[in-house]
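Take a look at the structure below.
The values are calculated or read from the model by the stated rules, or taken from the named source; none is laboratory data. Predicted model, so just to flag it, every value in this text is computed and none were measured. Methodologically, a virtual Cβ is constructed for each residue, glycine included, from the backbone with ideal geometry; neighbour enumeration extends over all protein chains shown. Just so you know, the surface numbers come from the protein's heavy atoms only, side chains and all, with ligands and any DNA or RNA stripped out. Shrake-Rupley method; radii C 1.70, N 1.55, O 1.52, S 1.80 Å.
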Amino acid sequence: MTFPFSRPRRLRQSDAMRRLVRETHTSVDHLISPIFVCDGSGVKREITSMPGVFQMSVDRAVEEAKLLRKLRVPATILFGVPDRSRKDACGSEAWAEEGIVQKALRAIRAEVPELMLIADNCFCEYTDHGHCGILNTKREVENDPTLDNLARAAVAQAGAGADIIAPSGMMDGMVRAIRSGLDAAGMTQTAIMAYSVKYASAFYGPFRDAADSAPAFGDRRQYQMDCNNKREGRREALLDVEEGADIVMVKPALAYLDVIADVRRHVDLPVCAYNVSGEYSMVKAAAERGWIDEKRTVLEIVAGIRRAGADMIITYWAKELAQWLSE
Ligand code: PBG
């Protein structure tokens, strides 16, 4: 045997040794747990394609928020699932005083003041056509008129208690429009977490069931990104930084770990990764069949996302992870 002979296995000998040399750590501090809010009271309806995830009425959402506080999960992101009768061409429920998310924000803010409240800011859950903005006569989403509505919705969300506004519609200039709107309303402390690098993805399938937000015709490829592009993602992130974003996001996570790493390298703001619905459902389905060990798989997934460079992760496993990561 020649010298020196490298033996990386020396550092893998025991649990204590592996803990000592571990390069990446994940804790509950890095997790954001989504809540889908629907009408009614006492409602807690499981989403068929996302076992363990529920649509909840405001009262149940408050209970969920209390549970998150108990588990020390720092933040939740809220999505609205209004009754179809309240959807219209521009999605005015998104800024209505009595809009479903505004009601939930006020109720949770009052009862669980410690929890960070993030409001998803988009129109697909509120428009009758399911697209993320106003349509023109060619049935394409019009960018600039949609910006005014995004700002209006952001001010309503911040007024109802949101700490962070998270625009997810991939409109050009959305961060600037929302920042100006918030500042003009005196809401200078409200942060913006931009879905900066959001791909047109098949992995959103189960979410569209959950939020009843599938487009009635066509798809979102004119505004969400082409999955073949990476440089464009960096450009989107840098634009959002210039426009005043406080946190940038990459979404989905698992087929885009290279994009997370690239954005991490070029942006010095916190980076969030969204481990999306399809990524959740695939593991759940395999675990239900006994084909995969859910806990080990999920711990490996979050390690991968953190190793790629994400500071925080939006995940439907946040509650389970709060437990698993502290064992
Ligand atoms: C709304 C929005 C979507 C998701 C988050 N915000 C759906 C979409 O763009 O169609 C997807 C989240 C997930 O799949 O878990 N604009």
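Remarks
- Taking the convex hull of Cα positions in region 125-228, its mean projected area over all directions (nm²): 7.0
- Principal-axis tilt of helix 277-288 within the chain, Cα atoms, nearest 10 degrees: 50
- Surface share of carbon and sulfur [accessible, 1.4 angstrom probe, percent] for the chain: 49
- Pairs of alpha carbons in region 178-327 whose separation is greater than 21 Å (percent): 51
- Order by protection proxy (mean Cβ within 10 Å, highest first), peptides 309-317, 15-23: 309-317, 15-23
- For region 171-216, Kirkwood radius (reciprocal of mean inverse C-alpha pair distance, Å): 13.0
- Shape descriptor for region 217-264: Rg over Rh equals 0.99 (Cα atoms; Rh from the Kirkwood inverse mean 1/r).
- Segments 193-202, 40-49, 67-76 sorted - mean Cβ within 10 Å per residue, highest first: 193-202, 67-76, 40-49
- Convex hull projection area averaged over all views, region 140-187, Cα basis, nm²: 3.1
- Taking a straight Cα-Cα cut-off under 27 Å and skipping sequence neighbours fewer than 8 places away in the same chain, the lysines within cross-link reach of Lys87 are Lys44, Lys103, Lys138, Lys198, Lys251.
- With bins 10 Å wide beginning at 0, the percent of Cα pairs of the chain falling in each bin runs 6, 26, 36, 22, 6, 3, 1, 0.
- Helix 231-243 vs. the chain, principal-axis angle (Cα, 0 to 90°, nearest 10): 60
- Protein heavy-atom accessible surface, 1.4 Å probe, per residue over region 1-65: 66 Å².
- Summing Cβ point charges (Lys, Arg +1; Asp, Glu -1) relative to the Cα centre of the chain gives a dipole of roughly 1460 debye.
- Ranked by the mean number of other Cβ atoms within 10 Å per residue, highest first, peptides 168-176, 231-239 order as 168-176, 231-239.
- Accessible area expressed per residue, region 243-327, with surrounding protein chains retained (probe 1.4 Å, Å²): 41
- Separation of alpha-carbon centers, region 77-109 and region 1-69, rounded to whole Å: 28
- Cβ-based net charge around Glu142, under 12 Å, with every Lys or Arg adding one and every Asp or Glu removing one: -2
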